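The values are calculated or read from the model by the stated rules, or taken from the named source; none is laboratory data. Just so it is clear, the structure is predicted and the values come from calculations on it, not from any experiment. So basically every Cβ, Gly included, is an ideal-geometry build from the backbone, and we count neighbours across all protein chains shown. These accessible areas exclude ligands, DNA and RNA; they are computed on the full protein's heavy atoms, side chains included. Shrake-Rupley method; radii C 1.70, N 1.55, O 1.52, S 1.80 Å.
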Amino acid sequence: QVQLVESGGGLVQAGGSLRLSCAASGRTFSNYPMGWFRQAPGKEREFVAGITGSGSTSYYADSVKGRFTISRENAKNTMYLQMNSLKPEDTAVYYCAAGRRPYGSEPGDFDSWGQGTRVTVSS
């Protein structure tokens, strides 16, 4: 198991930006694909973005494509989610997760989860 801790959430106005971080410990970070998910009140957890272990390939949900950027610094055991042009519908708790296999986008494709960081976008 890998331990994951998110940070960087907060309150921002629509059109603003936030950068989330996910610090990992417990196993070789670069060996594992990583992802970001989010869960809004009353909704299921949904995939936001994923990245391969090397960081060479990233992929996104259609709802955030062109606005969010996932990245990682393996030397720092840290993953990031840069969120620009935020919308009220981006309001959710955001979770980082360590993957079982590359290119996963379902919660079952990931086996370690952080505790989440809340993002609130006001209109």
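Some observations on this one:
- Restricting attention to the stretch 14-54 and to residues that are in a strand (DSSP E or B) and of a type in the set (Ser, Thr, Tyr), the residue that is surrounded by the most Cβ atoms within 10 Å (Cβ to Cβ) turns out to be Ser21.
- Scanning the stretch 55-70 for residues that are open to solvent by less than 60 Å² (accessible area, probe 1.4 Å) and in contact with a Leu (Cβ under 8 Å, 6 or more places away or on another chain) gives Arg67, Phe68, Ile70.
- In this entry, Leu11 passes the filter for residues that are part of a strand (DSSP E or B) and surrounded by fewer than 16 Cβ atoms within 10 Å (Cβ to Cβ).
- Any hit, the stretch 83-106, residues being touching a residue at least 12 places away in the same chain (Cβ under 8 Å), in contact with a Pro (Cβ under 7 Å, 6 or more places away or on another chain) and aliphatic (A, V, I, L, M): no
- Scanning the stretch 71-102 for residues that are open to solvent by 10 Å² or more (accessible area, probe 1.4 Å), within 23 Å of Lys43 (Cα to Cα) and in a strand (DSSP E or B) turns up Gln82, Val93, Tyr95.
- Tabulated pairs, the stretch 28-43, first within 18 Å of Lys87 (Cα to Cα), second polar (S, T, N, Q) and assigned to a loop (DSSP other than H, G, I, E, B), C-beta under 6 angstrom, 6+ apart or interchain: none
- The set of residues in the stretch 103-114 being assigned to a loop (DSSP other than H, G, I, E, B), farther than 17 Å from Thr57 by Cα and open to solvent by 60 Å² or more (accessible area, probe 1.4 Å) consists of Glu106 alone.
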